[in-house]
Structures are given as structure tokens and as C-alpha cells.
2 protein chains.
Amino acid sequence: MSRRSGVLEFAVLGLLRESPMHGYELRKRLNTSLGVFRAFSYGSLYPCLKTLVQRGWLTEEHEPARPPQQSERLERDALTGSLTGRRAKIVYRLTASGREHFEELLSQTGPDAWEDEHFGVRFAFFGQTSREVRMRVLEGRRSRLEERLAKMRASLARTRERLDDYTLELQRHGMESVEREVRWLTELIESERTGRDREAGTDSGPPPRRFGDAGTRPRHRGAAPPDPSEDTA
Amino acid sequence: MSRRSGVLEFAVLGLLRESPMHGYELRKRLNTSLGVFRAFSYGSLYPCLKTLVQRGWLTEEHEPARPPQQSERLERDALTGSLTGRRAKIVYRLTASGREHFEELLSQTGPDAWEDEHFGVRFAFFGQTSREVRMRVLEGRRSRLEERLAKMRASLARTRERLDDYTLELQRHGMESVEREVRWLTELIESERTGRDREAGTDSGPPPRRFGDAGTRPRHRGAAPPDPSEDTA
DNA sequence: TTCGTCATGTAATGGGTTACATGATTAC
DNA sequence: GTAATCATGTAACCCATTACATGACGAA
């Protein structure tokens, strides 16, 4: 009933900070831009939007369904090419206090930033996060994973004999995944450290949009054939 | 109120099939043997056990708290070294119909076997699963992941320009993880195919305990220093 | 005697999904 | 005209967690 989600709330605020949107579009962005990890349904999104409005972090703008009329249509098509005025219903916009709240969330470190459920979404908004916070979050997550690795290794050492090959293989693959993420984090941390050029190093403002050696990283195969599929993966 | 979980239920039946246990021990096994992926709390385990009893798949044996008495203690310590009679309270045991039910679950293929939430636990009990089913599950999961990869690539091709470097890096890492799991599955499928020696290929019975080249796979570093830590990772 | 672990449970809450209901607009 | 997609929402449920309550045992 209360809808004070955490991840969803954070992501909604973050996306709306970039630009106002209506619910449907918001959901698509949620499930593509950020969506490798989580997929949200309307059943959670719309109620969440409502409570965010109630708290004064968002405003609703009811854009009347606007039937396609005389010259207006031509104007719209000619000027915007597409999207802008299509047929939207309720546009949500971040308020000043909403922005303030989001910035406070952004600045928080601690377990709530690097546990499994939160880390992904925090990383997704690193572009709007100060370098100090980014560092703390990356390092926090890494040490969390290293801790987990230690326990896995200890547990494996204790139980190895009792386990059959499949269970063992599952364990091994799981550990390898965690080790891989640790290496990834280490690279990212290195990038952050190296990348201390530009502005002396305060907090927010128009944040730096590029980090470390991002450009030199292998960018993966060239674009798959155009596929009209959308929505959840 | 109803506790008909799926994953938890499956795991409990599977563990109890190997040997009877009480709840506390069950939970530890859940969170180590199978626990890279999920950790369950007592709040879910105990109610689950109750409903499994109600459905006739489990029996409860109330083992009286048994205060340490005269010779019995010595006997126990001498014979079992530890564990066996320590202080257990309620031992759960799989019934015949419970075993039957579990075997039916084991034989099921379809999305419910290879989606994210279920695949791990299904794999963990591959030691008790027939080769045909193992193959279907592995192949099902692989094609599911390939499907997902296709969507990710398409979506990336559509949105690449609009995304900042961190979002892009997150996307890239996510795709790499999926690709890695696909390669892992491919290796496993190869192992399964190659490993058609031994018994002609019926169904269950005392199931084959080894698969493919499991022995030759790099088994990862040698045992971490003994660590008394337990419980959830 | 106090702390850690073993051991079992319940009530409240959380954070989400599914299925449903509704309807406008666009593309074929 | 009909199918797909855009668009918004609600109610019922699901699966789990957290916090709490309770208590015995072993070791320092």
C-alpha cells in the first residue's frame, strides 16, 4: 500500500531529473537503460509515481488527449519529427524539492548503496554522482564481494567432500562470477583514480561525463540487425 | 499465509531426499550448498515446512530435548564424534508421496526450469536428474539467454548515443556476464553429450554421480585457511 | 555469568507481480 | 477493420524479509 521502494523510487527520480516523462515511457527506459538487472511492471510504477507526487517530489501535468487537429498536426510533425507531442497523457516532472531529495540520495554511501539490489541502479546514475561518492561505492561493493568470496571459499573447504559434481560446479561458477566482478570493480576504481584531471575536485554541478579509459575499452560487436522488439528482455 | 514457494519448496524436498534433517540444519545447507544465489530466513523456512507436512510430503518427528544423561552421553560422543544426537528438536523426513512429488518436479522442463529464479536450484539437483531432462534444461536456459542477448544488443544499438559512459559500461558488463554464462552452458552441454558412456540411458535409479570432464576442470585454489564463519554470505 | 550458537516459531511489513479493466492511436 | 502499441490504472496475490518472542546448551 505504501510504495516507498528504494530502487524503483531512486530510478524514477533519476530518470525524471534528466527530463520530464509520462509513465509508459518511464517504464521503457527503466527496462532498457537500467534494465539488465531489474524489470518493473506498471503495477509497481504507477502507484510509486502517485506517492512521489504526494510527497511533493513530482508534479503531474495532465496533458489533454488532444485529438489530431487541423494545422497543429502538420506543425508538430514538421517540427519535431516524432515523439514530442504524440499523444501523452500525464507528464511527470521533478520538483525542486524532488531534485534536492534525489541529490541527497545520490550522496549517500553505506551498505544501501552497494548491496546487490541497489548497486546497479547507483552505478547507472554515476554520471550524476561526485567522484568521491563513486569511489566509496565502488570500494564498498568490492570489499563486500571479497568478504563474500572468503565465506564461499571457507564453506567450500568445509563441505567439498560431501558435495556432488554438479553442486560443486555450481559453486565454482558462482565464485568465478564474483571474482570476475571484483576484477571489473578494480579496473573501474583504477580508472577513477587515474582520471583526476579537470576541475580540482569539489562536489556536484555539471558533473564530468566521461571517465578514465572508457573510450578504449572494447565496445563489443557492431550493432545487431535492427530489431523492433521492445519491452522487457 | 499459504507458503507454496517453488524454489524454497523444491530445495527443501531435494535436501530432505538425501537425508532427514531439522529446520535449523536445513537452513544452513540451503545457504551454503545452494546458497550462492539465494538465502532464506526462518521466517520463510518454518512455515514452508509446515505446509509441506500438511500436504503429506513430509513427516515431523518430535525428538524430545533429551537432557544429557548418564552413559548415553558418553556413548553418543564416542560413537558419533559429534552431530548425530546433539540436541535436535523436530526432524523432518520425506514421505513416499513426497519423494514421488519431488521426482515429478525434477522431471519437469519448461520456462519454470530455466528462468533466473529456478535455474540455480534445478542445477543444484542435477545429480538426481535424468540426462534427458538435464539437457533440456541446459539448452532451454541457453536459448533463453541468447534471446535476452539479442534484445540487449538491439536495444543498445537503438540507444547508444543517448547514454552516458557509465550507463554504457553497465550495459556492456551486463552483456558480457550473459555471454559468459552462455559459454559456460555450452561447455556443460558438450560435457553431457560426450559423457554418453555407462548405462544405455534410461531414467532414474541410483543416478550417475559424475559428468563429463568434471575432474579435469580447474578446481580453483586450494582451500582457504579454516574459517569458523557460518550462515549467510 | 555472559556470550555465541542451536533451535523454533509468529506478526507485521515490504516490495514487487499478475491479471484484469479500459480506452485511444497508429499502421497495415 | 483489425491488430499492435500507446497509455493508465486497480485488486488480489506472492514470496519473501524483519523484528520480535522464547528458550536451552556449551564454552570463556
Anything in segment B:21-56 that is more than 11 Å from DNA strand C (Cβ to nearest atom) and in contact with a strand residue (DSSP E or B) (Cβ under 7 Å, 6 or more places away or on another chain)? List them, or say none.
B:LEU52
Can you tell me which residues in segment A:25-52 are aliphatic (A, V, I, L, M) and within 14 Å of chain B (Cβ to nearest Cβ)?
A:LEU30, A:LEU34, A:VAL36, A:ALA39
Of all residues in segment A:103-147 being aliphatic (A, V, I, L, M) and surrounded by 18 or more Cβ atoms within 10 Å (Cβ to Cβ), which is nearest to A:LEU185 (Cα to Cα)?
A:LEU138
Per-region count, segment A:159-175, residues in a helix (DSSP H, G or I), of a type in the set (D, E, K, R) and within 8 Å of chain B (Cβ to nearest Cβ):
4
Those residues of segment B:47-61 which are more than 9 Å from DNA strand D (Cβ to nearest atom) and not in a loop (DSSP other than H, G, I, E, B) amount to B:LEU49, B:LYS50, B:THR51, B:LEU52, B:VAL53, B:GLN54, B:LEU58, B:THR59, B:GLU60, B:GLU61
Please work out if B:THR129 is in contact with a Pro (Cβ under 9 Å, 6 or more places away or on another chain), more than 16 Å from DNA strand C (Cβ to nearest atom) and not small (Gly, Ala, Ser).
yes
Among (1) within 14 Å of chain B (Cβ to nearest Cβ); (2) within 12 Å of DNA strand C (Cβ to nearest atom); (3) modelled with pLDDT of 95 or more, where does A:GLU9 come up short?
(1)
Top-ranked residue of segment B:84-102 - restricted to ones that are loosely packed, with under 14 Cβ neighbours inside 10 Å and of a type in the set (S, T, N, Q), ranked as modelled with the highest pLDDT:
B:SER97
Take segment B:10-43 and flag every residue that is aromatic (Phe, Trp, Tyr) and not in a loop (DSSP other than H, G, I, E, B).
B:PHE10, B:TYR24, B:TYR42
For segment A:37-46, enumerate the residues that are among the hydrophobic types (A, V, I, L, M, F, W, C) and more than 11 Å from DNA strand D (Cβ to nearest atom).
A:PHE37, A:ALA39, A:PHE40
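The values are calculated or read from the model by the stated rules, or taken from the named source; none is laboratory data. Everything numeric here is computed off the predicted structure, so don't read it as measured data. For neighbour counting, all protein chains shown are included, and Cβ atoms are generated from backbone atoms with ideal geometry for every residue, glycine included.
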